[in-house]
Amino acid sequence: MRRGALLLGFILTGCAPAPRDITLYSLGPAQPAASLPVPLLLAPIDAAPAYLSKDLLYRLGYADNQLRPYASSSWNAPPIAMLASVLRQTAGGKLLVLDQSRQLARCALHIELTSFEQVFTDAQHSHAELGLQFSLMQLRTHRELGRSKLRFDVPAQTADARGGAMALEKASQQAASQIVEWLNHSLASAATRTACER
C-alpha cells in the first residue's frame, strides 16, 4: 500500500506542469528632489492586503472591474516597499526608517496606499492608477501637522504588463516628487518646522 502511494505520488509529480517563467518589474531609481530642511521618519506604509504582495495587478474597467494578478509578471518587491524606496531616494536621505535612531527625527510621514494597479478602459487602452493619502505627525505628541492626498492616472504605452509597470513607475516617481514638495511647503511654516526640529 505504501509502495503504491509513493508510486502514485511520483507519477503525479512527473505529470505536473513546469513552473512558468515570471518577468519581474521594479519602480527603478528616482532622482533626488529639493532636500528636506529636517530629517523625518517614514512610517511603514499602510495598504489594503492586495498591495502587500508582489502581484502586478490590473482591472478590466470595461467589464467586471475586479482586481486580477498577471500570471507571468510580478513586481520584484511589494508596492509598499518599492514606494518607500522611491520616496527615500527622492527625499535625498532625509526620510528615515524605523531601524534608524528615532532620536534623529521629531516628526513622521504617514502614508496609506489606496490604489496601485493598471486599469483597462478597453482591450487596447489602459492607464496606471495610483492613489495615496498622507499626513505629517509630531512623534512626541502624536499631533497631526498636515494632511493631503494624491491621485494619478498615467496612460500606459502598451496594453500589457510591461506597459502597466512602466506607467506605475512614472506615477510613483511623480507622487514621490509631489509628496516631498508638500513636505517642504509644510515645513516652510515656522510652527511646523519648530515642531519637527531637534
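Results, tabulated for the structure shown:
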{"quantity": "Dipole moment magnitude, nearest 20 debye, region 97-198 about Cα centre, only Lys, Arg, Asp, Glu C-beta charged", "calculated": "700 debye"}
{"quantity": "Per-pair calculated FRET efficiency, R0 = 41 Å: residue 72 and residue 178 via Cβ, rounded to 0.05", "calculated": "0.80"}
{"quantity": "With Cα atoms, 0 to 90° folded angle of helix 161-187 axis to the chain main axis", "calculated": "20 degrees"}
{"quantity": "Highest-fluctuation residue, 167, 156, 33 considered, GNM on the chain with Cα pairs under 10 Å", "calculated": "33"}
{"quantity": "Choice from 43, 128, 176 showing the highest fluctuation, given a GNM over the chain with Cα pairs closer than 10 Å", "calculated": "43"}
{"quantity": "Residue-averaged 222 nm ellipticity for the chain, from DSSP H runs of 4+ at -39500 (n - 2.57), nearest 500", "calculated": "-10000 deg cm²/dmol"}
{"quantity": "0 to 90° range, to nearest 10: angle between helix 2-15 axis and the chain longest Cα axis", "calculated": "70 degrees"}
{"quantity": "Given charges at beta-carbon only (K, R positive; D, E negative), |dipole| of the chain in Debye", "calculated": "680 debye"}
{"quantity": "Helix 79-90 vs. the chain, principal-axis angle (Cα, 0 to 90°, nearest 10)", "calculated": "40 degrees"}
{"quantity": "GNM top mover of 179, 22, 80 - the chain, alpha-carbon springs below 10 Å", "calculated": "22"}
{"quantity": "Taking the chain and dividing mean pair separation by its residue count, relative contact order in percent (alpha carbons under 8 Å, at least six apart)", "calculated": "24 percent"}
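Values quoted throughout were computed directly from the atomic coordinates according to the rules given, and no laboratory measurement underlies them. Since this is a predicted model, take the numbers as computed values, not measurements. When we count neighbours, we look across all protein chains shown, and the Cβ atoms used for this are built from the backbone with ideal geometry, even at glycine.
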